[in-house]
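Notes to accompany the following structure.
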Amino acid sequence: MHGFSYKNGSLHCEDVDLTTLADQYGTPLYVYSAGTILDHFQRLDAALGGVEHEVAYAVKANSNLSVLRLLAEKGAGFDIVSGGELFRVIKAGGDPAHCTFAGVGKTRDEIVYAIQQGIYSFNVESEEELRYINQVAGELGVIVPVAVRVNPNVDAKTHKYISTGKSENKFGVDFEAIDGLYDRAARELPNIRLRGLQMHIGSQLTSIDPFIEAVEKVKPLVKRLKERHGIEFWSIGGGIGIIYKGSLASGDVAWWSNQAQDNAPLSIERYGHALVPRLQDLGLKILVEPGRLIVGNAGVLLTRCLYEKKGSAKTFKIVDAGMNDLIRPVLYEGHHEIVPLQEPSSDAKVTVDVVGPICESGDFFCQDRELPDFQPGDVIALMSAGAYGFAMASNYNSRPLPAEILVSGNSSSVIRARQTLDDIIAGETGA
Ligand code: LLP
């Protein structure tokens, strides 16, 4: 669906004019489309309709309480990676009994908190962690549900920093070691219940093939674990990629959505069609843990151009957002489309770097890109910034975190106020 499009020459989020929001709330400003978030969630839910399943939204992608509440109200589960994320889910009205807790380094406090809240499963990343959870559960006098994360050693063919399913990654337990681990756990660890198996091969996958390869490779193992240990669920992880690159053609091309298109090798529907038939005969509950797919193309970061600096080698458009607000370009070579809020009247382009105010050479949003010649004072949108945008933002250079706005139809609400300078120093001695 269309979350963002030009209407009367001005970029809108649903029916709200983004220029109005930028003027009213200032920049940098994150804006999310509730309709797009729900569309993605509901389409994935429908695409998996042929199998018992749960969509457990990966909270790390965007953990704003209002985003979580929106999804909780539609019955989403949640994949969390910290006690802090569990706290957020509960605050947002999510049900801990529909939460899975992933991550290689859970602390005792986090484990105790999650046990007390009654989460659905710990997704365990090592034998050491499994034994520790068993110990803590024993001390609390409870039996705790767990799934081990299998590392299927499948190449996700994505950026090396977001690939997780190869043996050299720190994640999960080697494929070959899983049977033995489950057998030992069943014999030796009385305070855990082997509830499922989990895997996740990487993020921003743009081809269905690695998903199929991983499912086919792990499926016989899952069958064995069901027979021997009575597991009831298999989480096949998240990782469905979104379209970052494309052209925004007068609002008639939903390039930010996941509809099947020429440049969209992977769509929600394709994912369901390919995987559901391969999962149906297992008789297990299938979990998926999408983050980026749900929120990535549902959000933009608005930033105002401050200066144009013409150097001898390059032209820089200096904007008021920095790498502290959106770190993906420098960290993952992430591409975010850049479009002016006022639709350009011609196709004329200039080759520029769009950079922020931070004292780092890595503080850029694009380099040597052909863009419309926007000017100081103009506001531009960094597209597809809904996932791992605000969630990875920091106070580097003592810059306040941006405000966040949620749009639904023609209404908008502030779902996080812009940080103040006092907020930044709160907690410091002398504040
Ligand atoms: N499940 C597990 C166990 C994960 O580690 C992740 C992401 C997900 C689910 C959700 O993956 P998604 O559906 O969003 O691809 N900051 C990076 C992405 C890091 C992903 C980390 N794990 C980026 O901005 O590209």
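The values are calculated or read from the model by the stated rules, or taken from the named source; none is laboratory data. Remember, predicted model here, so these are calculated numbers, not experimental data. No Cβ is skipped: glycine too gets one built from the backbone with ideal geometry, and neighbour counts run over all protein chains shown.
Listed values, structure above:
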read-out: So ALA76, is it within 16 Å of the ligand (Cβ to nearest atom) and either in contact with a Gly (Cβ under 6 Å, 6 or more places away or on another chain) or outside the structural domain of LEU279 (by TED's automatic domain parsing) (or both); value: no
read-out: Flag if LYS170 is in the same structural domain as ASN123 (by TED's automatic domain parsing), closer than 16 Å to GLY239 by Cα and surrounded by fewer than 15 Cβ atoms within 10 Å (Cβ to Cβ); value: no
read-out: Long-range neighbours under 8 Å by Cβ, at least six apart or interchain, first residue of a type in the set (S, T, N, Q) within the stretch 194-214, second more than 11 Å from the ligand (Cβ to nearest atom) and in a loop (DSSP other than H, G, I, E, B); value: THR206/PRO265; THR206/LEU266; SER207/LYS157; SER207/PRO265; SER207/LEU266
read-out: Residue in the stretch 190-197 that is in contact with a helix residue (DSSP H, G or I) (Cβ under 8 Å, 6 or more places away or on another chain), closer than 26 Å to ASP281 by Cβ, in the same structural domain as VAL288 (by TED's automatic domain parsing) and assigned to a helix (DSSP H, G or I) present; value: no
read-out: Selection count, the stretch 96-151, where residues are small (Gly, Ala, Ser), buried (at least 16 other Cβ atoms within 10 Å of the Cβ) and away from the ligand (no atom under 16 Å from the Cβ); value: 1
read-out: Residue within the stretch 361-374 that is closer than 30 Å to THR158 by Cβ, among the charged types (D, E, K, R) and touching a helix residue (DSSP H, G or I) at 6+ places or on another chain (Cβ under 8 Å) present; value: yes
read-out: Number of the condition not met by VAL414 [criteria: (1) outside any strand (DSSP E or B); (2) surrounded by fewer than 16 Cβ atoms within 10 Å (Cβ to Cβ); (3) in the same structural domain as ASP353 (by TED's automatic domain parsing)]; value: (1)
read-out: Listing of strands (runs of 3 or more DSSP E) fully contained in the stretch 341-397 that carry 2 or more residues being within 30 Å of TYR57 (Cα to Cα), of a type outside the set (S, T, N, Q) and touching a residue at least 60 places away in the same chain (Cβ under 8 Å); value: 379-382
read-out: Some residue of the stretch 147-162 being closer than 18 Å to ILE236 by Cα, of a type in the set (Val, Ile, Thr) and in a loop (DSSP other than H, G, I, E, B); value: yes
read-out: From GLY138, GLY93, GLY103, residue being outside any helix (DSSP H, G or I) and out of contact with any strand residue (DSSP E or B) (no Cβ under 9 Å at 6 or more places or on another chain); value: GLY93
read-out: Residue check for SER207: closer than 14 Å to VAL148 by Cβ, among the hydroxyl-bearing types (Ser, Thr, Tyr) and within 15 Å of the ligand (Cβ to nearest atom); value: no
read-out: Condition broken by ALA185, with the remaining ones in (1) among the hydrophobic types (A, V, I, L, M, F, W, C); (2) under 21 Å from TYR332 (Cβ atoms); (3) more than 16 Å from the ligand (Cβ to nearest atom) satisfied; value: (2)
read-out: Residue within the stretch 222-236 that is in the same structural domain as LEU279 (by TED's automatic domain parsing), closer than 24 Å to ALA76 by Cβ, within 13 Å of the ligand (Cβ to nearest atom) and surrounded by 17 or more Cβ atoms within 10 Å (Cβ to Cβ) present; value: yes
read-out: Residues satisfying the stated conditions in the stretch 285-321, i.e. more than 19 Å from the chain's Cα centre (by Cα) and among the acidic types (Asp, Glu); value: GLU308, ASP320
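One line per residue, one yes/no per condition, for (1) more than 17 Å from the chain's Cα centre (by Cα); (2) polar (S, T, N, Q); (3) modelled with pLDDT of 95 or more; (4) within 19 Å of PHE390 (Cα to Cα):
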{"residue": "VAL16", "(1), (2), (3), (4)": "yes, no, yes, no"}
{"residue": "ALA22", "(1), (2), (3), (4)": "yes, no, yes, yes"}
{"residue": "GLY26", "(1), (2), (3), (4)": "yes, no, yes, yes"}
{"residue": "TYR32", "(1), (2), (3), (4)": "no, no, yes, yes"}
{"residue": "LEU48", "(1), (2), (3), (4)": "yes, no, yes, no"}
{"residue": "GLU52", "(1), (2), (3), (4)": "yes, no, yes, no"}
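A quick yes/no check of all residues on (1) modelled with pLDDT of 95 or more; (2) over 24 Å from GLN117 (Cα atoms):
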residue	(1), (2)
GLU139	yes, no
ALA147	yes, no
PRO152	no, yes
GLY165	no, yes
PHE171	no, yes
LEU181	yes, yes
ARG187	yes, yes
ASN191	yes, no
